[in-house]
Structure formats: C-alpha cells, structure tokens
Amino acid sequence: MTLTRSLSTLLAAAACTAFLASAAPAADPIKIGVPVGLSGANSVVAPSVVQSAQLAVDEINAKGGVLGRQLALEVADDASGAAGAQKAFDSLVFQKKVDVLISMETSAARNAGLPIVTRGKLPYIYTSFYEGKSCSPFLYVNAWVPEQQVPPIVDYFAKEKKASKFFLIGSDYAFGRGMLAFTKAYVEKIGGKVLGEEYLPMDGSDWTPIISKLKGAAPDALITSTAGGAPNVTLTKQLRAAGVTLPYGNLAVDEGTAKGMGADAEGIYLSASYVTGIDSPANKAFLAAMQKKFGTELKTPNDLSVPEYEAVYAYKAAVEKAGGTDATKVLKALAEISVEGPRGKIAMSKQHHAPLTMYLGQVQADGGVRVIKSFANVDPGEQCPNLKN
Amino acid sequence: MITLVLDIVTTAAILFIVSAGLLVVFGVMKIINFAHASFITIGAYTALVASRFGLPPVLAPAVAFLVGGLIGAAAERIVVRQLYGRPLDAILATWGLSIVIGQLVTLGFGREVQFVPAPVSGTLAIFSEDYSSYRLLLVVAAFVIAGLFTMLLNGTRLGLSTRAVIMNENLAQGLGIDSTRVRLITFGIGCGLAAIAGALITPLASVDPNMGLSWLIGAFMLVMISGGSLPTLGLSCLVLGGLQVLASTFISPILGGLTIAVLAAVALRLRPEGFARA
C-alpha cells in the first residue's frame, strides 16, 4: 500500500520535473563561463576583460539574445595560475553547467583548464595573446601568436632603421623565453644578427649588469619581452636612466602601462592587434558604448580585453549557424563564422587560430600610442597542423 | 671595465641602503624584522603620495622616514614588544605584519604598478663612460645614511644608551637606562630607514604592493653575515654585491640572482656568528 503510494508520488514528481524541463529551454539563458585572473598576476588586466564581456552580453541581450535565448555570464577567479584554474573550470563546467568558456588567462591557467574542458566537451575560446601552438579540438584562439606580433617590429627596424644587429632582453619564464626564441629565429631568418639574449628572474628588479652588457655590445636595436607590470617598468626606467636611446621594441607593453610610465616610455615601439587609436566606425562605436556603460569605472580597453568582446559575438554567430548550443555543431561552426568588431573582421579560420591585422605603434610624449603602420591579415602560421580546419 | 666597477659600487650602495634598517633592528633587538620588505613598500608609496602632492622629490626620503618610523613604532608597541623573549615567534609575527601591511596597501592603492618621477634623469660622463646619474646619486645617499647613523650612535645620548643595550641589556637596565624606550626608538628608526630605502629605489623601480619582497632575502643574508655592525655590512655589500654583478655579467643574470643567498649560506656555515667581531 505505502509502497504504491510513494511510487505514485514519485512518478507524479518525475512528471512535474519532466514538464518543467521541457518548458524551460525558451526561458533558460545560455551560460558563458569566464574563468579569469581576478587575483594574482592578471588582476591588473582582468577587470577590463570582464567589462568587455559584460558589454557584449548586454548588447546582445538588448537585441533579443541568441536564437531567442538571453546570454548570462558566470565569472570565476582562476587566481592567474594552474591550481586556481582547475577549481574555476571544474565549478564552471560541472556545477554551473556553462555552455561555453570564453576567457583571457595565463598560459598556466589555460593548460590546467584544457583537460577539464575536454572532459566536459565544451567549446573554449581563448582570448589572450600567447606563445602559440596550444592545440585541442575544443580550443579556439582569436588573439595573436608570436608569428603575428614579432615580424612587424623586426621588419620595421630592419627596413626603416637599417638595423642588422639586435639585442634581446626578457624575463625568465615561458612567455618571455618563447617570444625571444621566436624573435631570434626570425631575426636570423631575415639575415640579421642577435648579439645577446639575456634574462632576469621574474622577481628580479636590478637590470644593471644586463644593461651594461647591452651598452657594451653596441647593437642597432633592442627588443624586450618581460613579464607585464613591474619587470617591464623597472627595465624601461633603468634603460632610460642609463641613457639607452636605441630603437626599442617592447613585446610586453600595453597602452595603459605606457601611459603610466610617462616620459620614460616615449619612443617605445609596440605591436598589437588592438590599440584604442584604431580609426574605424566599429572601434569608435565600441569605445563610446564602453564609456557610456561604465563611465568613471571604465578600465581602458586593450589588446587583452577587446578579443573577449569579439569572442562573445563569435560564439553568438556560431550558435546561430549551428542552430543551437550543441557543442559539436558549435565547434564546427566556430571555424566557419567571422565577426566584425573593433579590431576589424576576425575569423578563426586557420587551424583554430585567427589571421589578424597587426598595428605597429610608437608611444608619444603624452603617453598615447600613434599607429605608424598596419599589416593586414597577418597569418598565424602553422599552429596546429593536426587540426582539420 | 669602468662600467663594471661602477656597476659594482652602485649595486653595493643600493644593497647597503636596503639592508641598513634591518641591521639596526637586528643589532639592537636580536630579532629579524620580516616586515622590513613592507616598510620598503610603505616608503615607496609615501614617495608616490608626496610626488602627487607636488612635494619636491628631494624631500620624499625625509617624509618616508617619518611615516615609516611612526608606523614602525606603532607596530613595535602593538606586536613586537610582547615577543622579545621569543625570537622565532617574532619572525612569524613580523611576517604576518608584512602580510597585513601588504593587503592594506593593496586596498588603498590597488594592485597596479605605479610610478614616481626621478629627481635627476639622464647620465653623467665618468672617465668617458656615460653612467646613470641616479645610481651614482645613490652611492652618495648610502654614505649619507651611514654617516648620519654613525653620528647618531656615537655622538648622542640615545646612541650611548643604545650601545649599552646592545652590549649588555641587563647591566644597562641596572644603570637606569629605559631599554623598552630604546627598543621602541630603534625599531622605529629601523623601519624609517627601510622606508627611506623604498623612497630612494622607486625612481629606478616600479611601485607595487609586493615591491619590497624581492629585496628581503638579500638584505637578510647580508645582515646575517655582517653580524650586526655597520662597517661590516658595508663591506659585505661591496663583496657580495660585487660577486653578484660579476656572476651576472660573466655567467648569467639568473645565476647572479642566486649569488648573495648561496655565498651567504656558505659564509655562515664557516662562521656562524658573522664577521663583525673577527
């Protein structure tokens, strides 16, 4: 008796749940997971990344969402490292049950998150520039790799500044060494010579012996790739204090840091896929919308935050093309779609990476960046030859 | 060659400036102030605030000394005083204090890297070599700090009491010297010196909440092997700083970063009491 009754209650409950479940999808939002370094090394840039994602989601929702569904953001702190990323990805993928991951993170965090994304079989759009060659059927990248960033600076120095002897200085970590290893190979490929390649540990702050070596070697040009933030600032200040006036290409500086450094940053060359000075209607509209939404809270949009904005639109386009959020179909569609954003038209069509228009800029006396030259559709090269598209 | 010599001298001067405050506290109180790095940071942020208020950069170290000294004295009253008999606990407590200060600085100023303009810029020609004038200025600053401190220790009543406390605290107390007050003032001066160091190195470095940390281990090692005397500290800075520059120049800067720690460990193995009373 009791058994039958409880069974029937159970069945009724199950029926209710089934009914709820079938009625829900129309109202259920599509969840976008954003694991990002709110604490740790990336904490300076992370707020601008989150703002970009918020603007994109708000704009899309205001226009009716994606296939009639609203977008919702789930932001999680990955503490800029591997251990934090495992927790963040785990909770986003298996507890919050997000439909996609879109984020700018450190390479350590990306590498720690990828196996979890693979287990959850979700699309993951990585929006940070990085050292390249991270390949997974679930991973798409819409930011630059060394093959896209380095050649504009080296070519400009070689052609316009008649530089043939280069000196390289970096921080001793994967990105610093990776960038300079590529730079060295590229300089030698175009017939130049690398006179020295020097590294200081990440927490080091006295560059004196390296600067003395640089002055002793008397190169034509200098290219640096330090960790962002403090090491970059100390190196630049000490270079200027030592009277170094060589053509100076900095692979790690962004507009915000350059502005803060004041006079010391003047004359530095940088290469990026986004600078605020891009003269296009899409960029102007984007900057105006950011200003309107965040006002005084606005973190200056940059080369790490703008790809996040575009990636949300890329995901929207892929879902619309796939006709739903089914991961396999979306992953296939991501390679085929393109979006028009502040950086121009972006398609992640080359082995899950994107050909990008790169800008060579020079820091001015007022801290602004003047675009000297742009290089349209620079190819990311052979990043993942084993992936089909 | 001239550049190398200048590199060694200026590096030694910076190391001396950074470790002087730690030495003062260690010499008198026989405790290691692990919050030293935070007081360097406090000095740097004081210089930052001073420059925002439009104070001339020359005054920044003086203001930093005041701010660092006052906060240091307060910390002594609240945290350190209870732990004089327990040097190991004092290390932990000052380490905790440094975490608290670091977080407060982060709350107040944010995590981002900030900038203080240098009072002098450009280079000076020395024997036909262009060399950073600010680094040369730091050599002068190191001598000024050493000079002032020697004067304070040898030429004033406070210095006399301090030396008495260093030599034999019980006897000093018996003679009516208020050793608690001496300790309070010494800790304040030590923290003030750390803050001066922070204000002095900022034009060469960035200002961020963790900036002091990279100097702590080097300063700690130098103070340990110098065994508590100012002239020996100067000598250790010159020898170990010199070897660091040589290793960085001729082998690799990454190895250079290890020089002081490794050599100091070896030196302490051979001579655990340091080199002061040789």
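Residue check: is B:S128 more than 22 Å from the chain's Cα centre (by Cα), surrounded by fewer than 16 Cβ atoms within 10 Å (Cβ to Cβ) and not acidic (D, E)?
The answer is yes for B:S128.
Is there a residue in the stretch A:169-192 that is charged (D, E, K, R) and over 27 Å from A:Y130 (Cβ atoms)?
No, the stretch A:169-192 contains no residue that is charged (D, E, K, R) and over 27 Å from A:Y130 (Cβ atoms).
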Qualifying residue in the stretch A:128-144 (condition: open to solvent by 20 Å² or more (accessible area, probe 1.4 Å), modelled with pLDDT of 90 or more and outside any loop (DSSP other than H, G, I, E, B)): no
A:D90, sole failed condition from (1) in contact with a helix residue (DSSP H, G or I) (Cβ under 8 Å, 6 or more places away or on another chain); (2) in a loop (DSSP other than H, G, I, E, B); (3) over 23 Å from A:P355 (Cα atoms): (2)
Top-ranked residue of the stretch A:174-200 - restricted to ones that are within 14 Å of another protein chain (Cβ to nearest Cβ) and surrounded by fewer than 18 Cβ atoms within 10 Å (Cβ to Cβ), ranked as nearest to the chain's Cα centre (by Cα): A:R177
Wholly within the stretch A:217-296, helices (runs of 4 or more DSSP H) carrying at least 2 residues that are within 14 Å of chain B (Cβ to nearest Cβ) and under 26 Å from A:A181 (Cα atoms): A:230-241, A:255-261
Output for the stretch B:198-233, where each listed residue is touching a Ser or Thr at 6+ places or on another chain (Cβ under 6 Å) and more than 21 Å from B:T186 (Cα to Cα): B:A205, B:S206, B:P209, B:M211, B:S214
Residues of the stretch B:29-49 satisfying the condition of being hydrophobic (A, V, I, L, M, F, W, C), open to solvent by 10 Å² or more (accessible area, probe 1.4 Å) and more than 13 Å from B:A197 (Cβ to Cβ): B:I32, B:F34, B:V49
Residue check, B:L235 part of a helix (DSSP H, G or I), within 21 Å of B:T10 (Cβ to Cβ) and under 16 Å from the mean Cα position of the chain (by Cα): yes
Only one of B:L59, B:L55 that is open to solvent by 40 Å² or more (accessible area, probe 1.4 Å), hydrophobic (A, V, I, L, M, F, W, C) and in a loop (DSSP other than H, G, I, E, B): B:L55
Qualifying residue in the stretch A:161-173 (condition: out of contact with any helix residue (DSSP H, G or I) (no Cβ under 9 Å at 6 or more places or on another chain) and under 26 Å from B:W215 (Cβ atoms)): yes
Single match in B:Q82, B:Q103 (criterion: open to solvent by 80 Å² or more (accessible area, probe 1.4 Å), within 19 Å of B:S206 (Cα to Cα) and in a helix (DSSP H, G or I)): B:Q103
Pairs where the first residue, in the stretch A:264-287, is within 22 Å of A:T236 (Cα to Cα) and the second is among the hydroxyl-bearing types (S, T, Y) and surrounded by 15 or more Cβ atoms within 10 Å (Cβ to Cβ), C-beta under 6 Å, 6+ apart: A:D264/A:T236; A:I268/A:Y248; A:A272/A:Y359; A:V275/A:Y359
Near pairs, Cβ below 6 angstrom, 6+ apart or cross-chain, from the stretch B:1-22 (facing chain A (nearest Cβ under 10 Å) and under 10 Å from A:T208 (Cβ atoms)) to any residue that is of a type in the set (S, T, Y) and open to solvent by less than 20 Å² (accessible area, probe 1.4 Å): B:L6/B:Y131; B:D7/A:T208
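In the stretch B:131-150, which residue that is buried (at least 16 other Cβ atoms within 10 Å of the Cβ) and among the polar types (S, T, N, Q) is farthest from the other protein chains (Cβ to nearest Cβ)?
Out of the qualifying residues, it is B:S133.
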The one condition in (1) within 14 Å of chain A (Cβ to nearest Cβ); (2) out of contact with any Ser or Thr (no Cβ under 7 Å at 6 or more places or on another chain) that B:Q244 fails to fulfil: (2)
Subset of the stretch B:115-125 (residues that are crowded, with 18+ Cβ neighbours inside 10 Å and either basic (K, R) or facing chain A (nearest Cβ under 9 Å) (or both)): B:F115, B:A118, B:T123
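The values are calculated or read from the model by the stated rules, or taken from the named source; none is laboratory data. Since this is a predicted model, take the numbers as computed values, not measurements. Backbone-built Cβ (ideal geometry, glycine too); neighbour counts: all protein chains shown. Areas reflect the complete protein model, heavy atoms only, side chains present, ligands, DNA and RNA absent. Shrake-Rupley method; radii C 1.70, N 1.55, O 1.52, S 1.80 Å.
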